[in-house]
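Working notes, beginning with the structure itself.
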Amino acid sequence: ADAMIAAQLVLGLVEPQSSGLGGGAFALYYDADQKRLSSIDARETAPGLAGPFLFYKDGQALGFKEAQLGGRSVGVPGVPKLLEQMHQAYGKLTWMELFEPAIDLAEHGFQVTPRLEGMIEAYAENLKNFDGAKGYLFTLDGQSLKRGDVLKNKDYAETLRDMAFSGSSAIYEGPLAEEIESVVQNYAENPGILTRQDLQ
């Protein structure tokens, strides 16, 4: 369980396109001594205001990419709570220790992988429309990062520090929840409906 938590925190940094604190997950844990399999469903949940026409515009269903990008498709993430529950039930190391590898990589940098390079290239046009991604995944002259480039993420390190001290509530309550709500609802091209109340 400890290894899973530490690995997930690192994956959120090095593979943000596929796994992270903003997403959902299922966990299966097999206790060999008790010969017992347990599961936790921590998939994202829809905002409370979601309805059958959330992914429609002007009476027409949105295409996949149009629906996916922006704030409209953002749900309440389950991963932070999952990590906390797994640690409480099965963890051996201290909660704070599990954050150290990811915080170190976020602060001192990691090499962009071929997979991350491909994701940036595939979504470059859309990513450049979002200031956070534009400043993070592109050079000052607008070139996308390439494999081997060193990437640092001080904001992620700070979020992990908050979570290491406060648990999953660092994501679901307080200043970070307010910031998540603001970014989701104010995304220029495709705003969403997620609220702080949903996160709580």
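Pairs to check: LYS92/LYS154; LYS134/LYS154; LYS81/LYS154. Give those whose C-alpha atoms are more than 24 Å from each other in this structure.
LYS92/LYS154
Leaving out ligands and nucleic acids, and using a 1.4 Å probe, what accessible area per residue does the chain come to in Å²?
58
Viscosity 0.890 mPa s, temperature 25 °C: give me the Stokes-Einstein translational D for the chain in µm²/s, with Rh taken as the Kirkwood radius over C-alpha pairs.
For these conditions, the coefficient is 135 µm²/s.
Given +1 on the Cβ of Lys and Arg, -1 on the Cβ of Asp and Glu, and no further charges, what dipole in debye does the range 10-154 carry about its Cα centre, rounded to the nearest 20?
For the range 10-154, the charge dipole is close to 240 debye.
Of VAL10, PHE55, GLY70, whose Cα points farthest to the positive end of the dipole of the chain (charges on the beta-carbon: +1 Lys, Arg; -1 Asp, Glu; origin at the Cα centre)?
PHE55
What part of the accessible area of the chain, given as a whole %, is carbon or sulfur when the probe is 1.4 angstrom?
The computed percentage sits at 52.
Stretch LEU93-GLN111 to full length: gain in nm at 0.36 nm per residue minus the Cα-Cα span?
3.7 nm
Which shape class, rounded, prolate or oblate, goes with the range 1-113 when its Cα gyration tensor gives a ≥ b ≥ c as root eigenvalues, a/c under 1.5 marks rounded, and past that a/b bigger than b/c marks prolate?
oblate
Assuming a ≥ b ≥ c are the square roots of the Cα gyration tensor eigenvalues, decide whether the range 106-200 counts as rounded (a/c under 1.5), prolate (otherwise, with a/b larger than b/c) or oblate.
oblate
Among GLN85, GLN60, GLN17, determine the one that fluctuates most according to a GNM of the chain built with springs between C-alpha atoms less than 10 Å apart.
GLN60
In terms of the Cα gyration tensor, with a ≥ b ≥ c the square roots of its eigenvalues, is the range 105-146 rounded because a/c is under 1.5, prolate because a/b exceeds b/c, or oblate?
In terms of gyration-tensor shape, oblate.
Obtain the nm distance between the two label points defined at GLU15 and GLU125 by a simple spin-label model: each point lies 7 Å from its Cα along the Cα-to-C-beta direction.
So the two model labels end up 2.7 nm from each other.
The values are calculated or read from the model by the stated rules, or taken from the named source; none is laboratory data. The structure displayed is predicted, hence computed values, not measured ones. Every residue, glycine as well, gets a Cβ built from its backbone with ideal geometry; the counts of neighbours run over all protein chains shown. These accessible areas exclude ligands, DNA and RNA; they are computed on the full protein's heavy atoms, side chains included. Shrake-Rupley method; radii C 1.70, N 1.55, O 1.52, S 1.80 Å.
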